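Taken together, the values in this text are just the output of simple stated rules run on the coordinates, not laboratory data. Here the structure is a predicted model, which means the values were calculated and not measured. Every residue, glycine among them, receives a Cβ derived from its backbone with ideal geometry; neighbour counts consider all protein chains shown.
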């Protein structure tokens, strides 16, 4: 009886969340099986799996997949690596720790659009501070956002600058809650600082690192505002990731059926990556 009453109280919230989450996914899946060119003035027509089949021979689709993978791996890898190193650095007492830590956390408070505009000016070929610094040390200036070779690294640097503090915050909070007994025992046994980090600290905070990676992987895979503001997917389509391709397909070419199919592909990729990370985390916990 008590269980029934308990479930009765949470049932409205569960129903609401199911509608909010499930309905858009189901409707989008339904629309992906249709051809719908909005500018034609006609409604959607059943197309079966032809949208998905067409994607297999779409070079622009495969380019967007490549850009999404390269950007996600670069951004997520750099953010996790630097974030964990910074967390280890701040996990000790030193003068001015709180002030310095607060400064490191400032980028999280900025909106992605504002960050993109500021970094876009910093990457300017003639007046940007980054090229000014390169010239000062004798290196040639770079066309950061106009060169296909450098546009993805430039976007990765910008994304890492803003979101590395999030990894730092998650990992550091976990580090500060660890028990002290294993570390004291390691010191008694003669372990040096590097051995303590590699064999005690990192294994104990690994679940927190994976959770942080899960959170950032979702955002990195579906990044839109950063790329749209800084490059609009250019030069040409060198920085057009899957999310931006979906936007262009739906709101530039008005092919809503194909855009829905692309959205389902993006959803599948996000789910697959996070299920993989969740399996790793649960395996380590158990």
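Relative to the globular-protein estimate of 2.2 N^0.38 Å, the Cα radius of gyration of region 60-126 stands at 1.51. Efficiency by 1/(1 + (r/R0)^6): what FRET value for residue 97 and residue 215, r their Cβ-Cβ distance, R0 = 30 Å, to the nearest 0.05? After rounding to 0.05, the efficiency reads 0.75. Taking only the Cα atoms of the chain, the radius of gyration and Dmax are 23.3, 77 Å. Panel order for 176, 79, by other beta carbons found within 10 Å of each beta carbon, from fewest to most: 176, 79. Computed over the chain with a Gaussian network model linking Cα atoms closer than 10 Å, the most mobile of 84, 113, 188 is 188. Inter-part distance, region 227-286 to region 15-62, computed on C-alpha centroids, equals 15 Å.
Ordered from longest to shortest, the equivalent ellipsoid semi-axes for region 228-275 are 20, 15, 7 Å, each the square root of 5 times a Cα gyration tensor eigenvalue.
Out of every Cα-Cα pair that region 1-119 contains, those further apart than 22 angstrom amount to 70 percent. The fraction of Cα-Cα pairs per 5 angstrom bin, counted from 0 for region 90-159, comes to 3, 15, 18, 18, 14, 13, 12, 6, 1 percent, rounded to whole percents. Taking 77, 233, 48 in turn, the Gaussian network model of the chain (Cα-Cα springs below 10 Å) assigns the largest fluctuation to 48. Of all the C-alpha pairs in region 46-204, what % are more than 29 Å from each other? Tail fraction, whole percent: 43. Estimated from the Cβ-Cβ distance and a Förster radius of 41 angstrom, the FRET efficiency linking residue 19 and residue 52 is about 0.95. How are the Cα pair distances of region 141-274 distributed, in percent, across 5 Å bins from 0? P(r) for region 141-274, in whole percents per bin: 2, 9, 14, 14, 14, 12, 10, 8, 7, 5, 4, 2, 1, 0.
Counting neighbouring Cβ atoms within 10 Å and putting the fewest first, the residues 201, 164, 111 line up as 111, 201, 164.
For the pair residue 124 and residue 45, the difference between a 0.36 nm per residue extended length and the Cα-Cα distance amounts to 23.8 nm.
Within the listed set 103, 19, 170, the Gaussian network model of the chain (springs between alpha-carbon atoms below 10 Å) gives the highest mean-square fluctuation for 19.
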